[in-house]
Amino acid sequence: MATERRSTQPTSATEVERVRRMPRAERREQILDAATRAFARTGYAATSLDDVASEAGVTHVILYRHFASKSDLYRAVLDRACTRLGEAVGTENYDESSLPTLLRAAAADPDGFRLLFRHAAREPEFRDITDTIRWDSTDIAYRHIAEAIPDGAWQNWAAQVIPAFTLEAVIAWLDTGQPDPDGAAERISRAIAGVIRAAQADAP
């Protein structure tokens, strides 16, 4: 006697909806992933919530259950990218592992990295996030160069140039296809060493 086979496919609209449901936290991450891609592609002003909903494959109703506005969504995207970067790289000190770690973090989330340091820096409403990172990075740079460069204007110059150069160097590295991933950190490090030499008192 043939064994009856039961279909594993949903047989009603209710079952279809149940299959499509996600835990709230998982759905939020799905929306943030899609929003990161969409915003990185066209920028904040040119990206609508329709674009994000389409990218995420969700309805406006679902989108608004998680985020009250485009501004709220964009800030959540930036906050998540900032948190991930801080967890990967650290926020206190600079050592020989910092640059390789920064490059790996940027390569793991290139859209988030570009949003933080290319797009958000040009958007006054969200500039506070990147400004905070730059201020913290400048403080770290001061501690790193304190023994190599005397107090004064050139130490101040180097402390501001080093983090700004490093971030632009990483973005350019992403934009050019992430060349020489094993040696890229050393190349950037050599350029930073050049900034330090230029700022030293005995520079020609």
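Points worth noting:
- Given (1) touching a helix residue (DSSP H, G or I) at 6+ places or on another chain (Cβ under 8 Å); (2) open to solvent by 40 Å² or more (accessible area, probe 1.4 Å), number of the condition ARG143 does not satisfy: (1)
- Residue that is nearest to PRO163 (Cα to Cα), among those in segment 74-105 that are β-branched (Val, Ile, Thr) and in contact (Cβ under 8 Å) with a residue 40 or more places away in the chain: THR91
- Selection of first residues in segment 47-59 that are over 14 Å from THR36 (Cβ atoms) and of second residues that are part of a loop (DSSP other than H, G, I, E, B) and open to solvent by less than 20 Å² (accessible area, probe 1.4 Å), restricted to Cβ pairs under 9 Å at least 6 apart or on distinct chains, gives the following pairs, ordered by first then second residue: LEU49/PHE67.
- For the residues VAL52, VAL58, the requirement of being at pLDDT 60 or above, part of a loop (DSSP other than H, G, I, E, B) and open to solvent by less than 50 Å² (accessible area, probe 1.4 Å) singles out VAL58.
- Only a single item in (1) in contact with a Cys (Cβ under 8 Å, 6 or more places away or on another chain); (2) part of a loop (DSSP other than H, G, I, E, B) is not met by ILE133, and it is number (2).
- Selected residue (criterion: surrounded by the most Cβ atoms within 10 Å (Cβ to Cβ)) from residues of segment 114-140 that are acidic (Asp, Glu) and without any contact (Cβ under 8 Å) to a residue 40 or more places away in the chain: ASP139
- Listed conditions (1) open to solvent by 80 Å² or more (accessible area, probe 1.4 Å); (2) modelled with pLDDT of 95 or more; (3) of a type in the set (Gly, Ala, Ser) are all met by ALA158, apart from (1).
- Contacts under 8 angstrom Cβ, first residue in segment 61-73 being open to solvent by 30 Å² or more (accessible area, probe 1.4 Å), partner of a type in the set (Ser, Thr, Tyr), 6 or more apart: LYS70/TYR44; LYS70/THR47; LYS70/SER48
- Verdict on ALA76 being outside any helix (DSSP H, G or I) and of a type in the set (Gly, Ala, Ser): no
- When segment 144-196 is filtered for residues that are touching a residue at least 60 places away in the same chain (Cβ under 8 Å) and part of a loop (DSSP other than H, G, I, E, B), the ones remaining, listed by number, are GLN178, PRO181.
- Qualifying residue in segment 174-186 (condition: open to solvent by less than 20 Å² (accessible area, probe 1.4 Å), over 16 Å from ILE140 (Cβ atoms) and of a type outside the set (Gly, Ala, Ser)): yes
The values are calculated or read from the model by the stated rules, or taken from the named source; none is laboratory data. Note that the coordinates shown come from a computational prediction; the quantities given were computed from them, not determined experimentally. Heads up, the Cβs are rebuilt from the backbone with ideal geometry, glycines too, and the neighbour counts pull from every protein chain shown. Surface accessibility is based on the protein's heavy atoms, side chains included, excluding ligands, DNA and RNA. Shrake-Rupley method; radii C 1.70, N 1.55, O 1.52, S 1.80 Å.
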